[in-house]
Amino acid sequence: MIIGLSSRVAASAGALCVAGLLALTPAAVADAGGTEPTPPGGPRAAAPHPSLLYRPGTQVRLRAGASRVPAVSALSWLVADARTGEVLAAHNAHRRLPPASTLKTLFALTVLPGLPAGVRHTVSERELRGIGAGSSLVGVTEGRSYRVADLWRGVFLNSGNDAVHVLAELNGGWRLTAERMQAKARSLGALDTHVVSPDGYDAPGQVSSAYDLAVFGRVGLRNPDFARYCATVEATFPSDGTSSYPILNTNRLLSGAKGVKPYRGLIGIKNGYTSKAGSTLVAAARRDGRTLVVTVMNPQEGGGSAVYEEARSLLDWGFRSAGRVEAVGSLGPPPTSTRPTVAPAVAAAVPEEHGSAWTEAGLIAGAAGTGAAVVVLVLRLPVRGPDRS
């Protein structure tokens, strides 16, 4: 006997499938509509529109009892929670400015994973060509053999442009490295950054932003090698086959050099300076189970230590403001590809995020596909009148 169904029955079947889909995935449908499920402990404030961070001036949303943001002279700055990515406050977050050596954070994100730390390399004269006049150097010498790990310590501690040049050549060359850095920035949603010189040396058109640099710093902490190098206060660098000399991290909040008091809980990341960029800094600190990332770009007052003292005041404010401010934006979720390499020191600060998102999406897709299949099957069945046999 052939079963005959009308188009009305087919529509009913489709409706039942849709109803089943909605019943199976209420939370996912709610998320898709822009409303988050109520978290434990009560309702959560609505997420701010991302355009807040594109507005000029200082952006902050204080709750009752919150302290005011400290006065900071930097042209651009940002304070964010490393675990959630929530931006607690910012000033001209997307203003494009020369980054100086803070761009080395992006260089490390791009190049570090592909160069094993224990590999030895003998430096050639060609690899040291083109280093900008007045560059910071760690002392890489032509004809001498270095481990890749030595070169990375030269990058992170001494901001050595000579070490950057050698590592870039090992990565395929200066130009290719710049292109790969640009692609990496785009993949992280860092759209303000334009890479010309991978070492951060002033170059026409080379810019980044407080937002982008905070993204690079936050993602960098998820790589154990990056996290270890940027937190190293002092090390030794080879001078010849049998001896070495000490090098000290130029991040004064970490080392306490030149009269700057070390910041309690600091875990890196990278400082920089050029005549065009002024002083720049990406810093991260951990206290009481919470990790903050701060970017400060080009303070206009206070001398050579101003970038560190302004970062200190922003970190202090950020830790005091836990639970007392609403986010003004987000650095976005860290990329999935970095999740297997969480640095032990900061793993608790940056856990897996949105772990059930794909499960919900798969459930939606599966239910929708089932519904579509049923509807197609019903519509393809022959339509006949009542069986009169």
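Residue ranking by accessible heavy-atom surface, 1.4 Å probe, largest first, among Ile269, Ile131 comes out as Ile131, Ile269. A protection proxy built from the mean count of other Cβ atoms within 10 Å ranks the segments 286-294, 111-119, most packed first, as 286-294, 111-119. The peptide list 301-312, 168-179, put in order of mean Cβ contacts within 10 Å with the highest first, becomes 301-312, 168-179.
Amide H contacts under 5 Å for Ser330: Val87, restricted to partners 5 or more places along the chain or on a different chain, H placed in the peptide plane at 1.01 Å from N. Partner lysines whose Cα lies under 30 Å from the Cα of Lys258, excluding those fewer than 8 positions away in the same chain, are identified as Lys104, Lys270, Lys276. The packing ranking of peptides 182-194, 81-93, 246-258, 98-110, highest mean first, is 98-110, 81-93, 246-258, 182-194, where packing means the average number of other beta carbon atoms within 10 angstrom of each residue.
Expected output is a single nm value to one decimal: the length gained when fully extending between Glu179 and Val196, i.e. 0.36 nm times separation in residues minus the C-alpha distance. What is it? Mind dumping the intermediate values first?
Values: separation 17, 0.36 × 17 = 6.12 nm, distance 0.86 nm.
Additional length available on full extension: 5.3 nm.
In this simple spin-label approximation, Ser145 and Ser239 carry label points 7 Å from Cα along the Cα→Cβ vector, and these lie 2.1 nm apart. Whole-Hz Karplus values for the stretch 217-228 come out as x, 5, 5, x, 5, 7, 9, x, 5, 4, 4, 5 Hz, taken residue by residue from phi with 6.51 cos²θ - 1.76 cosθ + 1.60 and θ = phi - 60°; glycine and proline positions read x.
The values are calculated or read from the model by the stated rules, or taken from the named source; none is laboratory data. Only a predicted model underlies this, so the values are computations on that prediction, with no experimental measurement involved. With ideal geometry, Cβ positions are generated from the backbone for all residues, glycine too; neighbour counts draw on all protein chains shown. To get the accessible areas, we keep the full protein, side chains included, count just its heavy atoms, and leave off ligands, DNA and RNA. Shrake-Rupley method; radii C 1.70, N 1.55, O 1.52, S 1.80 Å.
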